Amino acid sequence: MYQRLMEHLTTAVLLLDGRLRLQWMNPAAEALLALSRSRVTGQSLPELVVGEEDIGELLAKARDEFHPFTQREARLTLVTGDVLTVDYTVTPLTRDELLLEVEPRDRLLRISREEALQTRQETIKVLARGLAHEVKNPLGGIRGAAQLLERDLDSPQLTEFTRIIVEEVDRLRDMVDAMLGPNQVERHEPLNIHKVLERVRSLLSVEHPSVTIIRDYDPSLPDLVGDESQMIQAMLNVARNAVEAMTEADVPAPSLMLRTRARRQFTLGAERHRLVCEVSIIDNGPGIPERLRETLFYPMVSGRAEGSGLGLSIAQSILHQHQGLIECDSAPGHTEFRLLIPLERSHE
């Protein structure tokens, strides 16, 4: 009866012998650690799962001292190469039996990180709207005054100056509008994400023919619901940012990968979605400086000399309107932006 209860627990439970060999584990443990009980029974757990700290030493210490031991937010590398963040507790049952309970932390950490990111984005949006209002009012006055002044000037040289004023005011107004990003998703229609990416690929191929663009698409992905033109803008902003960073850094053989995958039972913010579309945009450029990673999606923040700092902010705003978000991992030679969009829309 107890074994039946263990098999229905959502907590991963493993039983080890005194030599740290796996004797039994429940289905939750099989799913979490990507191991099949029938194949790994009798094998040493430290050979199957590797931790930042030597998990074998920690298990042996609990066994030898016959005292429970808990490790918080431990990072474990599985046989698949995946890395998990977990809490685990080792409890000696006898001198030759260890009970190991493993709780995944990745989902909770992801929720916390994404909620913090969304809160910051909303705060920035409110501040940006207030700033835009304060800036656009005097810009309108300056533009109107320049146009009135132009009517009273006879010299073409002087009217040229007023035209410059009007053009610069219009440029600033457009920059403020771009900083705010789109206000709402205009069309909720089925769209094919690969059609969007092919449009992005064709534009970048013309703009930057020296960059090799690699496609790795999952053809089984269903259509998602959203605004095609805005989704093209979001994908293009991220991809163009990557390509221009490689161009500025004069990368010898610049390459960009466009990859799509389906993620099942995936959490975005505090909501778990049955199916999520993951678009990865991967480049082999110089990477993003550590000092910029926390503020990467803020307006007017750019790591490039010629960058406006608006592209990624607008892309994140568009993804939020599609109930998705953007994540980024970066190291020299490999920067990956993951654009995550639910393939089913919640009722609003």
Report task. With the full set of protein chains in place, find how many percent of the accessible area of region 153-296 is carbon and sulfur; take the probe as 1.4 Å. Result -> 51
Report summary line: Under the Karplus relation with 6.51, -1.76 and 1.60 and θ = phi - 60°, whole-Hz ³J(HN,Hα) for region 318-324, x at Gly and Pro, equal 5, 4, 4, 5, 9, 6, x
Report summary line: FRET efficiency for R72 and E168 from the Cβ-Cβ distance with R0 = 41 Å, rounded to 0.05, comes out at 0.15
Report summary line: Residues whose modelled amide H sits under 5 Å from the amide H of L325, counting only those 5 or more places away in sequence or on another chain, are L340
Requested in this report: Rounded to whole Hz and in sequence order, give me ³J(HN,Hα) for region 240-251 from the Karplus expression 6.51 cos²θ - 1.76 cosθ + 1.60, θ = phi - 60°, writing x for Gly and Pro.
Outcome: 5, 4, 5, 5, 5, 5, 5, 5, 5, 7, 6, 5
Query - Cα-derived Rg over Rh, computed across region 246-288 with Rh taken as Kirkwood radius - result: 1.21
**Report entry** Nitroxide proxy distance, nm - points 7 Å out along Cα→Cβ at T159 and L9
**Finding:** 8.5
Report summary line: In nm, the gap between the two label points placed 7 Å beyond Cα toward Cβ at V206 and R291 is 3.8
Query raised in the report: What net charge do the residues around D216 carry, taking every other residue with its C-beta under 11 Å from that of D216, with Lys and Arg at +1 and Asp and Glu at -1?
Result: +2
Query - Cβ-defined net charge surrounding A74, 9 Å radius [Lys, Arg +1; Asp, Glu -1] - result: -1
Query raised in the report: So, in nm, how far is label A31 from label Q147 when the simple model puts each one 7 Å beyond its Cα toward the Cβ?
Result: 6.3
Query raised in the report: In whole Å, how far is the Cα centre of region 308-337 from that of region 25-92?
Result: 34
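The values are calculated or read from the model by the stated rules, or taken from the named source; none is laboratory data. What you are looking at is a predicted structure, and each value in this text was computed from that prediction instead of being measured. Neighbour counts run over all protein chains shown; Cβ positions are idealised from the backbone, glycine included. Please note that ligands, DNA and RNA were not included when accessible areas were found on the heavy atoms of the full protein model with its side chains. Shrake-Rupley method; radii C 1.70, N 1.55, O 1.52, S 1.80 Å.
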